[in-house]
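The values are calculated or read from the model by the stated rules, or taken from the named source; none is laboratory data. Given the structure is predicted, the values throughout are model-derived calculations rather than measurements. As a convention, Cβ positions derive from the backbone with ideal geometry for all residues, glycine included, and neighbour counts pool all protein chains shown. Just so you know, the surface numbers come from the protein's heavy atoms only, side chains and all, with ligands and any DNA or RNA stripped out. Shrake-Rupley method; radii C 1.70, N 1.55, O 1.52, S 1.80 Å.
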Amino acid sequence: MSQLICHCVSRCVRRAYLCGEDKLSGKSYEHRRQWVEDELLRLGQVFAMDICAYAVMSNHTHVVLFVDKAMALSWSVEEVLNRWHSLHKGTLLTRRFMDKDAREAMSQSELMAVHDTTEVYRQRLYDISWFMRQLNESIARRANKEDGCTGRFWEGRFKSQALLDEAALAACMTYVDLNPLRAKMADTPETSSHTSICQRAVRAKQRKSQPQDLAYFVGKPRQVMPKGLPFRLRDYLELVDQTGRCICENKRGYIEESQSPILLRLGLDTEHWLTLTRQFERQFCFAAGSARHMQACKAHIGQQRIRGMRASRMMG
């Protein structure tokens with residue numbers, strides 16, 4: 001894959017929960033899950049990014065983001081400013097520019113300044129750090145206000161892992177989608193609320209379609225490949241369901257290779273797949289992929305060693 005796709009994790013710094021229930025005080029923070037989900041999906045419509053997967057947990061969040069730099073570069077000045085102004089006020093000049101009557105009275109130097117500022121905003125709108133900053137700061141402000149306190153809400157900067165190939169993407173998305181099952185917060189993927197898999201499963205069942213605010217599954221790679229996830233939605237839903245049965249102690253489950261077109265195409269066996277989807281964060285550090293892609297990443301960043309090489313051999 002030539003595009004940038006990243007798995008980002010943010011953890012809450014305080015002992016009080018981001019979401020869930022505080023057993024000591026008896027106070028529930030469950031409503032904050034909806035805060036995070038709503039803001040995440042809203043930002044996905046503003047930034048040049050597609051949300052591949054997400055899960056809102058009790059004290060942390062997972063999100064897998066596809067950066068669409070080409071789309072951001074195609075936006076007009078008006079499109080960039082409209083998007084940025086939906087998040088921030090912008091500058092006096094950018095606000096004047098968006099008023100067509102005021103724009104006509106602007107000087108050439110003012111128009112050039114607007115153009116330069118727009119390019120800064122454009123870069124931010126395809127920057128993962130800016131996306132996560134916008135998400136985390138908005139949630140922190142609301143949570144601090146509700147808790148009646150100030151100070152840091154998140155545990156420093158978010159953690160990120162670059163997903164270098166299709167195998168890493170499939171394993172990471174499944175890992176994220178099954179987080180609530182591993183934490184015993186849900187019994188099945190489709191009942192794990194505030195996750196991408198729940199949205200996809202419900203939408204597929206009710207409307208026979210895909211959610212518009214999540215990255216699309218466009219099927220197997222082909223010569224003319226549209227933008228989207230390189231798997232069939234049905235195959236992915238079945239694979240997540242089968243994997244979920246394997247990781248739940250109270251369920252009998254297995255993955256038949258004949259029932260897993262994704263695994264067959266990626267050349268992953270069941271044992272390695274289950275290891276990856278149970279321990280994805282432990283197996284890799286800041287990048288994940290096959291041995292070939294990890295070696296290329298290691299050479300690119302000039303590192304002699306990189307954590308995850310052993311796990312990368314599972315991916316070929």
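Per-structure values
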item	result
Residue check, residue 109 open to solvent by 20 Å² or more (accessible area, probe 1.4 Å), modelled with pLDDT of 95 or more and more than 24 Å from the chain's Cα centre (by Cα)	yes
Count of segment 187-214 residues which are in contact with an Asp or Glu (Cβ under 6 Å, 6 or more places away or on another chain) and over 13 Å from residue 177 (Cβ atoms)	0
Some residue of segment 291-300 being open to solvent by 20 Å² or more (accessible area, probe 1.4 Å), in contact with a helix residue (DSSP H, G or I) (Cβ under 7 Å, 6 or more places away or on another chain) and at pLDDT 75 or above	yes
Any hit, segment 54-77, residues being modelled with pLDDT of 95 or more, open to solvent by 20 Å² or more (accessible area, probe 1.4 Å) and among the β-branched types (Val, Ile, Thr)	yes
Options 142, 133: the member that is open to solvent by 80 Å² or more (accessible area, probe 1.4 Å), closer than 19 Å to residue 36 by Cα and in contact (Cβ under 8 Å) with a residue 12 or more places away in the chain	142
Residue within segment 148-156 that is open to solvent by 50 Å² or more (accessible area, probe 1.4 Å) and outside any loop (DSSP other than H, G, I, E, B) present	no
Selected residue (only one of 33, 83 is farther than 21 Å from residue 281 by Cβ and among the charged types (D, E, K, R))	83
Condition check for residue 155: touching a Lys or Arg at 6+ places or on another chain (Cβ under 6 Å) and at pLDDT below 95	yes
Unmet criterion (only one of (1) at pLDDT 95 or above; (2) assigned to a loop (DSSP other than H, G, I, E, B)) for residue 2	(1)
Per-region count, segment 5-30, residues farther than 19 Å from residue 133 by Cβ, at pLDDT 70 or above, surrounded by 13 or more Cβ atoms within 10 Å (Cβ to Cβ) and hydroxyl-bearing (Ser, Thr, Tyr)	1
Qualifying residues in segment 161-192 (those that are among the hydroxyl-bearing types (Ser, Thr, Tyr) and within 21 Å of residue 203 (Cβ to Cβ)) - the one surrounded by the fewest Cβ atoms within 10 Å (Cβ to Cβ)	191
Selection count where residues are free of Cβ contacts under 8 Å to residues at least 40 places away in the same chain, in a loop (DSSP other than H, G, I, E, B) and surrounded by 14 or more Cβ atoms within 10 Å (Cβ to Cβ), scope segment 197-215	2
Wholly enclosed helices (runs of 4 or more DSSP H) of segment 54-103 bearing at least 2 residues within 25 Å of residue 216 (Cβ to Cβ)	69-74, 77-85
